[in-house]
Amino acid sequence: MARVGRRVVAGAVLAVIAVGAGLGLAQARTTAPAPSLTYVQAGRLLADPATGKVEAGRTLVIQDGKVLRVEDGFTTAEGAKVIDLRDSFVLPGLIDSHVHLTSEQGPNSQLEEYTKTRSDLALDGAWNGLKTLKAGFTTVADLGAPNESIFALRAAIRTGRIPGPRIIAAGSPISVHGGHGDPTNGMPEELVHVFRPTSVCSGADDCRRAVREQVRAGADIIKITATGGVLSNTAAGLGQQFSDDELKAIVETAHSMGRKVTAHAHGVDGINSFLRAGGDSIEHGTYLDADSIKLFRSTGAWLVPTLSAGDFAAREAARPNTFFTPAQRDKALLAGPRMLDMARRAHEGGVRIAFGTDTGVSAHGENAGEFALMVKAGFTPLEAIRAATIWAAEHLGLLDQIGSLLPGKQADLIAVRGDPLTDVTVLTKVTFVMKGGVVYKSE
């Protein structure tokens, strides 16, 4: 739903280095290597959301950034670092399968299309990434940002130069000329060649080229805009925008190069065509129908409902002084209110669902608001937590690394006061965050 497209300016790498320097010595102390052994004493522990089993009085033993074992009782060892969470509920770090770290919707969004450089966006992404991490989200999939900005940010976090969530990055989305994801909609013609990325394509062969360009640039996953979008500034509707041949070419090319493909899709025609083409997951899914649910189940594709984006768009569009353009407002009033019912029908129909918010439409750091919306759509609190842990990890191909606190997994964990299995909203008040054995928040 969020628009992507900014002025092409070199210097994203320098910007990220500047962020690291600006965080200062205090931040450096936060991200220093963990001791060889860390004992995390948990009052209550949900180590494996797959089982739903909560154990009282357990200690996680962490070594070299990974879970070594779980011990009964509150244990320690000579020379080990001890973290006391005996008054807390501990669970795996959360995963958001759909964010846009380098942007956030607001009254100045359109102006910033022209005034912010790629370096500015890398800095914004670093700031938003830190907010996301401190909110308990230790892994995210960024599904739409300028290549230079998001790939530099991903590298800086991965190498420990700045704090932030683990990033699976798509970079610029594959879009049709004039469609959702083409940032030049409404721009003067003389600016089109400046702002349009190489990921915009027309025709099956050209779309194969665009996919290969994104893989070359460093994309972990291919994101496409299979249908119109709410926040693109064009009255082009929400229906299918790629042809069936283009969709098939994109999926085949991405899979041949070892990449999954996820599709922004609202209209049912685009949803079903993409699933028939072999696509791996759908973002939003607003107008899915009974045939869509059958296709999801037969292909094993995932749905990322992004209820936060629908909720935000509907509320903003209804404001008398909304900052949405008329085209955005009209689409938001149609699509936003439908998303809860869509998620309910998909859940009841047995569709595989991964947690994702489209944050960047809504505000960064408020990702956990999605949990209450999922429960409102019929999920149990445990199912919502699974969607943000083991199910999201499987969706992103990272189940062997994250999603639970079993031995050998990354030591990504959070703590809250209260019981998220009875009140899922306590996940909006995370008090402790560890990623890869390093503490980033402790209250």
Sole miss for residue 243 among (1) of a type in the set (Ser, Thr, Tyr); (2) more than 23 Å from residue 355 (Cα to Cα); (3) in contact with a Pro (Cβ under 8 Å, 6 or more places away or on another chain) is condition (3)
Count of residues meeting criterion [surrounded by fewer than 20 Cβ atoms within 10 Å (Cβ to Cβ), part of a loop (DSSP other than H, G, I, E, B) and of a type in the set (Val, Ile, Thr)] in the stretch 92-148 | 1
Residue 378 passes all but one of (1) modelled with pLDDT under 95; (2) surrounded by fewer than 24 Cβ atoms within 10 Å (Cβ to Cβ); which number fails?
-> (1)
Looking only at the stretch 384-405, decide whether some residue is assigned by TED's automatic domain parsing to the domain that holds residue 139, over 27 Å from residue 62 (Cα atoms) and touching a residue at least 60 places away in the same chain (Cβ under 8 Å).
-> no
Taking the stretch 234-264 and keeping only residues that are within 20 Å of residue 220 (Cβ to Cβ) and free of Cβ contacts under 8 Å to residues at least 60 places away in the same chain, one is left with 251, 252, 253, 254, 255, 256, 257, 258, 259, 261, 263
Of the candidates 99, 54, 67, the one satisfying the condition of being among the hydrophobic types (A, V, I, L, M, F, W, C) and assigned by TED's automatic domain parsing to the domain that holds residue 360 is 99
If we keep only residues of the stretch 302-318 that are surrounded by fewer than 24 Cβ atoms within 10 Å (Cβ to Cβ) and of a type outside the set (Phe, Trp, Tyr), then the residue farthest from residue 397 (Cα to Cα) is 318
May I ask you to list pairs of residues, at least six apart or on different chains, whose Cβ atoms are under 6 Å apart, with the first in the stretch 320-341 being farther than 17 Å from residue 228 by Cβ and the second being at pLDDT 85 or above?
-> 322/316; 322/329; 323/107; 337/314; 340/377
Verdict on residue 298 being touching a strand residue (DSSP E or B) at 6+ places or on another chain (Cβ under 9 Å), farther than 14 Å from residue 226 by Cα, assigned by TED's automatic domain parsing to the domain that holds residue 363 and not in a loop (DSSP other than H, G, I, E, B) | no
The condition of being touching an Asp or Glu at 6+ places or on another chain (Cβ under 7 Å), at pLDDT 90 or above and either assigned by TED's automatic domain parsing to the domain that holds residue 315 or buried (at least 19 other Cβ atoms within 10 Å of the Cβ) (or both) holds, among 204, 210, only for 204
Mind checking whether some residue in the stretch 217-237 is part of a helix (DSSP H, G or I), at pLDDT 95 or above and either in the same structural domain as residue 270 (by TED's automatic domain parsing) or surrounded by fewer than 22 Cβ atoms within 10 Å (Cβ to Cβ) (or both)?
-> yes
Since residue 367 meets every condition but one in (1) in contact (Cβ under 8 Å) with a residue 60 or more places away in the chain; (2) not assigned by TED's automatic domain parsing to the domain that holds residue 166, which condition does it not meet?
-> (2)
Scan the stretch 316-358 for residues that are modelled with pLDDT of 90 or more and in a helix (DSSP H, G or I) and jot them down.
-> 318, 338, 339, 340, 341, 342, 343, 344, 345, 346, 347, 348
For the subset of the stretch 49-70 comprising residues that are out of contact with any helix residue (DSSP H, G or I) (no Cβ under 9 Å at 6 or more places or on another chain) and among the small types (Gly, Ala, Ser), which member is surrounded by the fewest Cβ atoms within 10 Å (Cβ to Cβ)?
-> 56
Can you tell me which residues in the stretch 400-419 are over 21 Å from the mean Cα position of the chain (by Cα) and not charged (D, E, K, R)?
-> 406, 407, 408, 416, 418
Filter pass, residue 310 being in contact with a Lys or Arg (Cβ under 9 Å, 6 or more places away or on another chain), under 22 Å from residue 387 (Cα atoms) and part of a helix (DSSP H, G or I) = yes
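The values are calculated or read from the model by the stated rules, or taken from the named source; none is laboratory data. Computed from a prediction, not measured in an experiment: that's the story for all the values here. With ideal geometry, Cβ positions are generated from the backbone for all residues, glycine too; neighbour counts draw on all protein chains shown.
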